[in-house]
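Taking it in order: structure first as structure tokens, then the write-up.
The values are calculated or read from the model by the stated rules, or taken from the named source; none is laboratory data. Everything numeric here is computed off the predicted structure, so don't read it as measured data. Ideal geometry is used to build each Cβ from the backbone, glycine not excepted, and the neighbour counts take in all protein chains shown. Note: areas computed on protein heavy atoms with side chains; ligands, DNA, RNA excluded. Shrake-Rupley method; radii C 1.70, N 1.55, O 1.52, S 1.80 Å.
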Amino acid sequence: MDAYDEDSHARPGPDGPQGVRRPEATATRGCTGSHDHPGSSGHPESEASIGSQASTGAQGLLESQARPGSQALSGSQDTPGSLGSTGSQVRTAAQLPVGSPELPASQASTGVAALSLRYQVVAALALAVIGVAACVHLAMVFLSLAPENTVSKQHGAAISDWVNPEFEQNWKLFAPNPLQQNIAVQVRAEVRMKDGMLRTTGWNDLSALDGAAIDGNLVPSHTQQNELRRAWDFFLGSHTADNRAMGLRGALSEQYLRRIVVMRLYRADATAEQGVVQRVQVRSSTTNVQPPKWSGERVSETPVYRELPWWTVTADEAAGGVR
């Protein structure tokens, strides 16, 4: 006899007295885990209350699974009997203090905001100083390039000291007729040897030495790039075509160029290192830059020389600090 049959006198069938088991009784027994006694009839009220409890528990389980963050923040797990209500206070991410290990990484402070107040002040001051320095530098460069005005007249010395020589701007590349020549400055000297004899050195190409020092150097010095070139430009701008000085600037340019070539001779010429330089002669070698082959233009490759007269080297220049 089947214990789940409601009528003990009915002929047993495959699934019950009528051949089909009632689904309500099956669901009820699955949820409650209890057995009906033989001969007892089911109670509709108890079956309805048990079904309501089952649906309530299932709904709470679904809600807890849909909100995984709430269970993680609360620090407790729902029991089967009280799904959806843990009985403990749930702390949301907005209520957690900054720096709390429970705070999600996506809401943690980053960058300058993550620093303490003192370091934030230091960072703000550093950024302010950098910004002011950048603005001052841009203003100085602008005033050095702009046409002469009231500000540049009053503060010309300060502007020149700030810009030159490191930040000097040269617009010859964008001139209507850019330079198409290579100009090399060369020098030779009369050297008094230790035995009293005078010996004349060969021509030393100082521009080629500067070029060799610059090639392959990621940070060439300003001296190698501009010292000799600026000295030669200074000389040309203060002398006539026949090498006659024009005023005080002409004499100053001669002294400046002479001291530079003497200093270079003591460094680069073996003969000058063994004696004392007495006189020097400077010349320039100008060679045209060859045009590209596809242009069809032809220019002379013969260098043009401009020789200056011999200059006597003074005692302080020959054996003084210029070495």
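What to note about this one:
- Whichever residue in region 303-317 is loosely packed, with under 14 Cβ neighbours inside 10 Å and modelled with pLDDT under 85 and, among such residues, is farthest from residue 229 (Cα to Cα): 315
- Residue check, residue 189 open to solvent by less than 100 Å² (accessible area, probe 1.4 Å), among the hydrophobic types (A, V, I, L, M, F, W, C) and part of a strand (DSSP E or B): yes
- Index of the failed condition, residue 219 passing every other in (1) exposed (fewer than 10 other Cβ atoms within 10 Å of the Cβ); (2) touching a Pro at 6+ places or on another chain (Cβ under 8 Å); (3) among the β-branched types (Val, Ile, Thr): (2)
- A Cβ distance below 7 Å, combined with a sequence gap of six or more or placement on separate chains, defines the contacts here; from region 229-241, residues that are over 14 Å from residue 187 (Cβ atoms) reach residues that are open to solvent by less than 50 Å² (accessible area, probe 1.4 Å) in the pairs 234/253; 238/250; 238/253; 239/250.
Yes/no per residue for (1) exposed (fewer than 14 other Cβ atoms within 10 Å of the Cβ); (2) under 44 Å from the mean Cα position of the chain (by Cα); (3) of a type in the set (S, T, N, Q); (4) under 19 Å from residue 314 (Cβ atoms):
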| site | (1), (2), (3), (4) |
| --- | --- |
| 244 | yes, no, no, no |
| 254 | no, no, no, yes |
| 260 | no, yes, no, yes |
| 263 | no, yes, no, yes |
| 279 | no, no, no, yes |
| 301 | yes, no, no, no |
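- Residues in region 290-299 that are of a type outside the set (Phe, Trp, Tyr) and open to solvent by 90 Å² or more (accessible area, probe 1.4 Å): 293, 297, 298.
- Selection status of residue 273, surrounded by 11 or more Cβ atoms within 10 Å (Cβ to Cβ) and of a type in the set (D, E, K, R): yes
- Which numbered condition residue 225 misses (of (1) open to solvent by 60 Å² or more (accessible area, probe 1.4 Å); (2) modelled with pLDDT of 90 or more; (3) polar (S, T, N, Q)): (2)
- Residue that is modelled with the highest pLDDT, among those in region 153-186 that are assigned to a loop (DSSP other than H, G, I, E, B) and among the aliphatic types (A, V, I, L, M): 179
- Scanning region 281-299 for residues that are of a type in the set (Lys, Arg) and either at pLDDT 90 or above or more than 45 Å from the chain's Cα centre (by Cα) (or both) yields 283, 298.
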